[in-house]
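Below you'll find the structure, written out as structure tokens, and then a few comments.
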Amino acid sequence: MSQVNRKSCRIAVVAYLLSLAAVAASAWSTHAAGQAPAATKVTVFQGTPLIVGDGRPPIDNATFIVDGTRFGRVGRTGPTAQPTASRGAVTGAGLRQILSGHYVYIHTDDAPGVSSTFNSGIIVTNEGVVVVDALSSEAIARKVREAIVGVTPQPVRFLISSTFHDRFTGGNAVYRDIFRIGHEDYRTDLMRLLQNEAPEQRNAKLPHQTFRDRVTFHLGGKEIRVLHLGRAHTRGDSVVFVPEDRIAYLSEMLNFEEFPYTADAYPSDWIRTLQAAEALEADIFVPGHGFLPENPRDTRQALGRHRQILADVRAAVEKEVARGATEAQAVRNIDLPQYRRFKGYTQAMPMAVRRTYQELTGGLQ
Ligand SMILES: [Zn+2]
């Protein structure tokens, strides 16, 4: 950890460092909460693979600091030889301020799966806090709520959930005391996911209110629009848009430097829905997966890139369908080397080919 002089970091209210990265034997340091108040929230990630997102090659074993609204210093902590396509997970968690009143809680782990970075959005107003997505477990959701207490005395008033996937709803019951909102198809799909749970537990997780197209809050003089712009990552995705601050939380509709996960997706609709998101008068698009780039405004470009991945998969599958390929042949034939560096490519790319093939041949419900 030679590149970072930890003593020089202003550690403020929030600095969570959890567990160990699979690739890192080095010890993590834990900074106690509640030290001298400062405007900047600093989180240190150590011994983690990192894609900085500015065009430089991935750093396999990085140490970096998320300092307020920016990445602070970044450097290698030691030499590793991980192949690009199998970068290990980043572990750790922390709260990063994006703008005044806007935060992202970043949870990272090495659980099996395509993604290892999970983001929850936090909007603070002087009439309460809105949380976007509860993340995967009650333990993590409690950490998020503790982190919120660290940055504002305002109570959490609303939980807005975008996708029903358990990595984003497993913590819902920690918001059992909070009014919960989601799209009507989100509720239907979550209900199905929870069918074997006791009614009381199920009710603690399901939304109180559903909507079809939009629902708008006015909190602390701020307009907060919850929008369903069309099917995308699932059929019930929501976008949380705050026009005054030109920021939109896209949940799993947007990954940053991670390949789209399409198990329950509608690939062609997703392309159109992302176009609708791009038409929002916003500068910052908070992804559900992946670290925000150093300059959060670079996410507008990332949104276009994410749409392009889906469009390139579709174009490749269209060609295969046109020449009579079976689904299995399409999976075998298609490679998109320009996206190999995206996390999850090995698993998520063939999945996207299958899902798109099924869609183009009339196989999706
Ligand atoms: Zn998902």
Nearest-0.05 FRET efficiency for Q365 and A279, computed from C-beta distance (R0 30 Å): 0.60
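Report for the range 131-222 the percent antiparallel among DSSP-assigned beta bridges with both residues inside it, nearest 5.
Beta bridges within the range 131-222, antiparallel portion: roughly 10 percent.
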Under the Karplus curve 6.51 cos²θ - 1.76 cosθ + 1.60, θ = phi - 60°, whole-Hz ³J(HN,Hα) for the range 245-259, x wherever Gly or Pro sits: 9, 6, 9, 10, 9, 9, 6, 6, 5, 10, 10, 10, 6, 10, 6
Calculated FRET efficiency for the pair D312/A139, C-beta based, R₀ 41 Å, to 0.05: 0.60
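From the Cα gyration tensor of the range 218-263, with a ≥ b ≥ c the square roots of its eigenvalues, which class applies: rounded if a/c is under 1.5, or else prolate if a/b is larger than b/c, or else oblate?
Working: a/c = 4.00, a/b = 1.93, b/c = 2.07.
It is oblate, given that a/c is not under 1.5 and a/b is not larger than b/c.
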Cα gyration tensor category, rounded, prolate or oblate, for the range 126-170 with a/c compared to 1.5: oblate
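Quick one: net charge around E223, please, counting Lys, Arg +1 and Asp, Glu -1 for every other residue with C-beta under 14 Å from its C-beta. Don't jump to the answer; show the numbers that get you there.
On the way: positive: R214, K222, R225, R246; negative: E127, E244, D245, E281.
Net charge in that neighbourhood comes out at 0.
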Under Karplus coefficients 6.51, -1.76 and 1.60, residue-wise ³J(HN,Hα) of the range 170-179 in Hz, glycine/proline x: x, x, 3, 5, 5, 9, 5, 8, 10, 6
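Multiplying the sequence separation of A328 and R246 by 0.36 nm and subtracting their Cα-Cα distance, what value in nm do you get? Walk me through the numbers on the way to the answer.
Numbers: separation 82, 0.36 × 82 = 29.52 nm, distance 4.31 nm.
Full extension from A328 to R246 adds 25.2 nm.
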Anchor K143: aspartates and glutamates whose Cα lies under 18 Å away (excluding residues fewer than 8 positions away in-chain): D109, D110, D133, D166, D177
Hz values of 3J(HN,Hα) by residue in the range 284-297 - Karplus curve (6.51, -1.76, 1.60), Gly and Pro given as x: 10, 10, 7, x, x, 10, x, 6, 5, x, 3, 9, x, 5
Fully extended contour minus Cα-Cα distance, from E294 to T188, at 0.36 nm per residue: 34.5 nm
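In the range 170-255, which trypsin sites (Lys or Arg not before Pro) are in a loop and have at most 10 other Cβ atoms within 10 Å, using DSSP for the loop call? Before the final figure, lay out the partial values.
Numbers: sites: R176, R180, R187, R192, R202, K205, R212, R214, K222, R225, R231, R235, R246; in loops: R176, R212, R231, R235, R246.
Listed in order of number, the matching sites are R212.
A short reminder: the numbers here are calculations on the coordinates, not readings from a lab. Quick caveat: nothing in here was measured; it's all calculated off a predicted structure. We place every Cβ from the backbone using ideal geometry, glycine too, and count neighbours over all the protein chains shown.
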